[in-house]
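What follows is one structure encoded as C-alpha cells, with my remarks underneath.
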Amino acid sequence: MKFSERMAAVEAVLFACGEPIELEKLAAAAEIEKEAAERMVERLNERYAEQGSAVVIGKLGDSYQMMTRPEYARYIKTALETRRQAPLSPAALEVLAIVAYNQPVTRGFVDQVRGVDSGGVMRSLVERDLLEEHGRLNDVPGRPIAYKTTDNFLRCFKLNSLDDLPPIPGSSDQITLEEYDDADYYDSEQSSGEHKQTESENVPE
C-alpha cells in the first residue's frame, strides 16, 4: 500500500474514533509501525495547515485525537446549542417514556418494545443529558449498558421525582407521555424483529 493510502487510513481511524487513541493502537489499526504513524500524523497536520483547515490532530500524552482549532469554537458552540434547544421528536419522547417507566433498561429492551433500532435516538438523548449510562447488567450475556433518565429529564418535564410520572395508560407496551403535550421539551439550559429498521433522531427545522 502506498504512503498516501496509509496516511488516509490513519486519518480515517482518527476521524472515526472521535476520542483520543493511543499511538500503538493507531499504528496497529493502520497496519504500520508507530514511527510511520507519527510521521503521517505530522504530514496530515502540515496538509491541514496548508489548506487552512479548521481541523488539527492534537497530541495528548501518547495518544492522538482529531479536533477543531480553538478559533472556531464559537461557531461550534452555536451549532450545538441550536441542536440542544430543538424540540424533541416523537421517537425521542417514546424512548424517554420507555426508559422512564422501566429504568434501568438496556438499548436491547428499548428496541424490543419499539420494534425498531433506537440506537441513534438514545445517543441523541444522552448528548442532550436526558439519558445517562447506569453501569452494566452483569447477569445478562454480553454485560450490556443500562440507561436511566437524568435529573435534567425531571427538570424538563417539571417533575419532582419519578414518582410524579402519570400512571401507564392501559397495558400497552408503547408507553407515551401524552400528559405532557404542553410541557417544555427543551433541555435545562433553556428551561433553567421480526420487523426492525434503522432509525435516526430527526430534529425539526
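Throughout, read-outs are computed from the coordinates displayed, never taken from laboratory work. Keep in mind that this is a model prediction, so the values were computed, not measured. Every residue, glycine among them, receives a Cβ derived from its backbone with ideal geometry; neighbour counts consider all protein chains shown.
Just so you know, the Rg over Rh for the stretch 34-117 is 1.21, from Cα atoms, with Rh as the Kirkwood radius. The residues packed around D62, meaning those with a beta-carbon under 9 Å from its beta-carbon, carry a net charge of -1 if Lys and Arg are +1 and Asp and Glu are -1.
Here the Karplus curve 6.51 cos²θ - 1.76 cosθ + 1.60, taken at θ = phi - 60°, turns the phi angles of the stretch 52-64 into couplings of x, 6, 7, 9, 8, 9, x, 9, 10, x, 9, 10, 10 Hz, with x standing for Gly and Pro.
Backbone geometry of the stretch 87-103 corresponds, through the Karplus equation with coefficients 6.51, -1.76 and 1.60 at θ = phi - 60°, to 3J(HN,Hα) couplings of x, 7, 7, x, 5, 5, 5, 5, 5, 4, 5, 4, 5, 4, 7, 10, 4 Hz, x marking Gly and Pro.
Label-to-label distance, F3 versus T68, with points set 7 angstrom from Cα along the beta-carbon direction: 3.2 nm. Among residues other than R143 with Cβ under 14 Å from its Cβ, the summed charge is 0 (Lys and Arg +1, Asp and Glu -1).
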